[in-house]
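S.K.: Starting off with a structure, shown below.
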Amino acid sequence: MEKVRGFEIAKGFENAQINLPVRKTKYSAGYDIEAAEDCIIPAFKPGQAPTLVKTGLKAYMAEDEYLMLCNRSSNPKKKGLVMANSVGIIDADYYGNPDNDGHFMFSFFNIKEEDVQIKKGEAIGQAIFQKFGVVDDDNAEGERVGGFGSTSK
């Protein structure tokens, strides 16, 4: 079977009992993503960096697709978790990159006054595969040279 799009376990997480994402209903757009390990997301303080929550996953897709990482709709109200970047975008060429093998993470701020604990296997967000278009005179020829935050390098 030809691989078109999907999820795999990222290097370094092969023995971590990571569950591959699934859709819960036949009309769900998103695949539920779980935390790869226990972590604490501290209560927000000005100037604080967001907490990166590991998934242990990487995603492969067609060249004209991306993976959109979205917060769970219940996270802000129930846990006070908001994504630091509002929505995450994983490009097709992020898969297998030399820095982190394409391991994607969720970037959260905790807007509550107390720390929030995330347990391994807990659903933290959802991922949606999307197609994208390019303009007529597009001539992007750069190649990815690393992992997280490497697009402009």
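The values are calculated or read from the model by the stated rules, or taken from the named source; none is laboratory data. Keep in mind the model is a prediction, meaning the values are calculated, not measured. Note that we place each Cβ from the backbone using ideal geometry, even for glycine, and neighbour counts take in every protein chain shown.
S.K.: Give me the pairs, please: first residue somewhere in the stretch 99-128 and touching a residue at least 40 places away in the same chain (Cβ under 8 Å), second residue anywhere and surrounded by 19 or more Cβ atoms within 10 Å (Cβ to Cβ) and among the acidic types (Asp, Glu), beta-carbon distance under 8 Å, and either six or more positions apart or on two chains.
M.R.: Matching pairs, first to second residue: Lys120/Glu34; Gly121/Glu34; Glu122/Glu34; Ala123/Glu34; Ile124/Glu34.
S.K.: Taking interchain pairs and intrachain pairs at least six residues apart, which have beta carbon atoms under 8 angstrom, with the first residue in the stretch 22-50 and within 13 Å of Phe106 (Cβ to Cβ) and the second part of a loop (DSSP other than H, G, I, E, B) and of a type in the set (Phe, Trp, Tyr)?
M.R.: As it stands, the answer is Ala36/Phe13, since those pairs meet every condition given.
S.K.: Which residues, taken from the stretch 18-30, are β-branched (Val, Ile, Thr), assigned to a loop (DSSP other than H, G, I, E, B) and loosely packed, with under 15 Cβ neighbours inside 10 Å?
M.R.: Thr25
S.K.: Something else: Out of (1) small (Gly, Ala, Ser); (2) more than 15 Å from the chain's Cα centre (by Cα); (3) loosely packed, with under 12 Cβ neighbours inside 10 Å, the odd one out for Ser86 is which?
M.R.: Going through the list (1) small (Gly, Ala, Ser); (2) more than 15 Å from the chain's Cα centre (by Cα); (3) loosely packed, with under 12 Cβ neighbours inside 10 Å, Ser86 breaks only (2).
S.K.: Please verify whether the stretch 112-130 includes one or more residues that are touching a Cys at 6+ places or on another chain (Cβ under 8 Å), buried (at least 20 other Cβ atoms within 10 Å of the Cβ), under 30 Å from Ala140 (Cα atoms) and modelled with pLDDT of 95 or more. Give the steps one after another, and end with the answer.
M.R.: Going through the stretch 112-130, the residues touching a Cys at 6+ places or on another chain (Cβ under 8 Å) turn out to be 117-118, 125-128.
Within this subset, residues satisfying the condition of being buried (at least 20 other Cβ atoms within 10 Å of the Cβ) are 118, 125-127.
So of that shortlist, the ones also under 30 Å from Ala140 (Cα atoms) come out as 126-127.
Adding the requirement that they be modelled with pLDDT of 95 or more leaves 126-127.
Looking for residues that are touching a Cys at 6+ places or on another chain (Cβ under 8 Å), buried (at least 20 other Cβ atoms within 10 Å of the Cβ), under 30 Å from Ala140 (Cα atoms) and modelled with pLDDT of 95 or more, one finds at least one in the stretch 112-130, hence yes.
S.K.: Mind telling me which of the residues Asn15, Asn75, Asn71 ends up being buried (at least 18 other Cβ atoms within 10 Å of the Cβ) and either over 17 Å from Lys119 (Cβ atoms) or among the aliphatic types (A, V, I, L, M) (or both)?
M.R.: Asn71
S.K.: Here's another thing I want to ask about it. Quickly run through the stretch 47-73 and pick out the residues that are assigned to a loop (DSSP other than H, G, I, E, B) and under 13 Å from Ala84 (Cα atoms).
M.R.: The answer is Gly47, Gln48, Ala49, Pro50.
S.K.: Just checking, does the stretch 59-68 include any residue being in contact with a Ser or Thr (Cβ under 8 Å, 6 or more places away or on another chain) and under 22 Å from Asn100 (Cβ atoms)?
M.R.: No, the stretch 59-68 contains no residue that is in contact with a Ser or Thr (Cβ under 8 Å, 6 or more places away or on another chain) and under 22 Å from Asn100 (Cβ atoms).
S.K.: Out of Gly142, Gly121, Gly125, Gly133, report the one residue that is assigned to a loop (DSSP other than H, G, I, E, B), under 23 Å from Ala16 (Cβ atoms) and of a type in the set (Gly, Ala, Ser).
M.R.: Gly121
For every residue, the table says whether it meets (1) at pLDDT 95 or above; (2) in contact with a Cys (Cβ under 8 Å, 6 or more places away or on another chain); (3) of a type in the set (Ser, Thr, Tyr); (4) in a loop (DSSP other than H, G, I, E, B).
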{"residue": "Glu2", "(1), (2), (3), (4)": "no, no, no, yes"}
{"residue": "Glu8", "(1), (2), (3), (4)": "yes, no, no, no"}
{"residue": "Lys11", "(1), (2), (3), (4)": "yes, no, no, yes"}
{"residue": "Asp32", "(1), (2), (3), (4)": "yes, no, no, no"}
{"residue": "Ile40", "(1), (2), (3), (4)": "yes, no, no, no"}
{"residue": "Lys77", "(1), (2), (3), (4)": "yes, no, no, no"}
{"residue": "Ile89", "(1), (2), (3), (4)": "yes, no, no, no"}
{"residue": "Phe109", "(1), (2), (3), (4)": "yes, no, no, no"}
